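Notes for the one structure printed next.
What follows draws every value from the coordinates through simple rules; no lab data is involved. Everything numeric in this text was worked out from a predicted model, so none of it was measured. When we count neighbours, we look across all protein chains shown, and the Cβ atoms used for this are built from the backbone with ideal geometry, even at glycine.
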């Protein structure tokens, strides 16, 4: 979609890119520390996750208005409920397909009930994590690189760095990071292009992670053992189950993610999407 330049940003695009990336990456680290500190309490996690997400959104809106001198239309309030709901349905459906296919081939088994408290904790934590990560990788990296003139480069760079972020997790692997870059980084960037707002990618990201951990009790992105509503195991070859990294390192996830990416890119093309999401309205 065609982008209208902002109204005289305070700094060039590359300066804004570095400034905003560093700022929100620091916010991501802070949010992670807070959520880890309360991880033992379902109520604290359930409350703090959305609160921290709201603070991150407010910070993004305020910083964009100050630095870029525009209103952040990629986070238009009227689009919030519909966008988050649409994204949540997409993310949940995608993961259900993934875990269903893995189960059909013997790679996922339910051993019993897990914990409602763990599910509620996951609900809150994933809201906070998904929101800040989408602000960083789609709201800052993808958007500003695309503004500099090349949507393809923006899509690839934001996806690769998004995958690379997951190399810091305890059970991380290069294959897992590459899988995340392909199935999620590209897909979420394409969703941003297709729906022209950050609400849909946030909803997809949150619902996928919550379903993975909070409902199905599977490991998330190499972060270690996950507890959720179901107590489950993932027997079978790592190419099918994702091994210790979790289902995101499964070839099934890659296929489903790539299929969604192609669909979103076609949708973006049909909407006359050429360089980048329409994010710049004069302040």
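The angle between the Cα long axis of helix 116-134 and the longest principal axis of the Cα atoms of the chain comes to about 30 degrees, rounded to the nearest 10.
Measuring nothing but how far apart in sequence close Cα pairs (under 8 Å, 6+ apart) lie, relative to its length, the range 13-282 scores a relative contact order of 27 percent. The C-alpha atoms of the chain define a longest principal axis, and helix 251-270 lies at about 30 degrees to it. Of the two radii for the range 137-283, the radius of gyration is 1.01 times the Kirkwood radius, both from the alpha carbons; that is the Rg over Rh value. Counting neighbouring Cβ atoms within 10 Å and putting the fewest first, the residues 134, 68 line up as 68, 134.
Note on the range 13-282: Cα-Cα pairs beyond 33 Å make up 15% of the total pair count. Of all the options 98, 200, 34, the one that moves most in a Gaussian network model of the chain with Cα springs shorter than 10 angstrom is 34. Working from Cα positions, state the angle (0 to 90°, nearest 10) between the long axis of helix 13-37 and the longest principal axis of the chain. Result, in degrees: 30.
Distance from the alpha carbon centroid of the range 148-211 to that of the range 57-100 works out to 14 angstrom. Can you work out the FRET efficiency for the pair residue 21 and residue 85, with r the C-beta to C-beta distance and R0 = 22 Å, to the nearest 0.05? After rounding to 0.05, the efficiency reads 0.15.
Which residues in the range 124-139 have a backbone N closer than 18 Å to a point placed 7 Å from the Cα of residue 39 along the Cα-to-Cβ line? The answer is 124-133. Considering only 179, 37, 62, the Gaussian network model of the chain with Cα springs below 10 Å gives its largest mean-square fluctuation to 37.
With 0.36 nm allotted per residue and the present C-alpha distance subtracted, the residue 65-residue 267 stretch has 69.8 nm of extension available.
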